[in-house]
Amino acid sequence: MQKKLERQRVEKVEEPIEKQEAEETQVARNRIEVEEPSSFQTHLKEQALHIKQKQEEAERLKANLAQLKKDRLKKKTNQSHTNSVYSSKIVAKKVKSILGNKSDIKAALVAGEILRQPLAMRQ
């Protein structure tokens, strides 16, 4: 009888140990899964980091482009004013050299009016 009781105690004691071992292995598996991300998860993290870097680079490039446009616009307005004055002087000199007398000037004006776009179609 005593032996029977001892066996039952041993079986009861052994049973929870086996359950504990099974639970520990399950917990260990879960821990491993949590600690070691899958290749898919690492790929997603790398991809998100890459996207973030590209977005930051795009913002920097947009800012640089806006600054370049502003600089070009300022430069063009300054150059266009200077160039227009300079080019108008050159054109005036050429016209005066070609059209020396009044009759040539009149003929050029008349020819310009004839060859120009009609008044109704001008804006």
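What to note about this one:
- Neighbourhood charge, 15 Å Cβ-Cβ cut-off, centred on residue 105 and excluding it, Lys, Arg +1 and Asp, Glu -1: +3
- For the stretch 88-103, putting each phi into the Karplus relation 6.51 cos²θ - 1.76 cosθ + 1.60 with θ = phi - 60° gives couplings of 5, 5, 5, 4, 4, 5, 5, 4, 5, 6, 7, 9, x, 10, 5, 5 Hz, in residue order, rounded to whole numbers and with x for Gly and Pro.
- Placing dummy labels 7 Å off each Cα toward the beta-carbon, the span from residue 57 to residue 123 is 4.2 nm.
- Karplus-derived 3J(HN,Hα), 6.51/-1.76/1.60, for each residue of the stretch 61-68, Hz, glycine and proline x: 5, 5, 5, 5, 5, 4, 5, 4
Coordinate-derived values only; no laboratory data. Since this is a predicted model, take the numbers as computed values, not measurements. All Cβ positions, glycine included, derive from the backbone under ideal geometry; neighbour counts span all protein chains shown.
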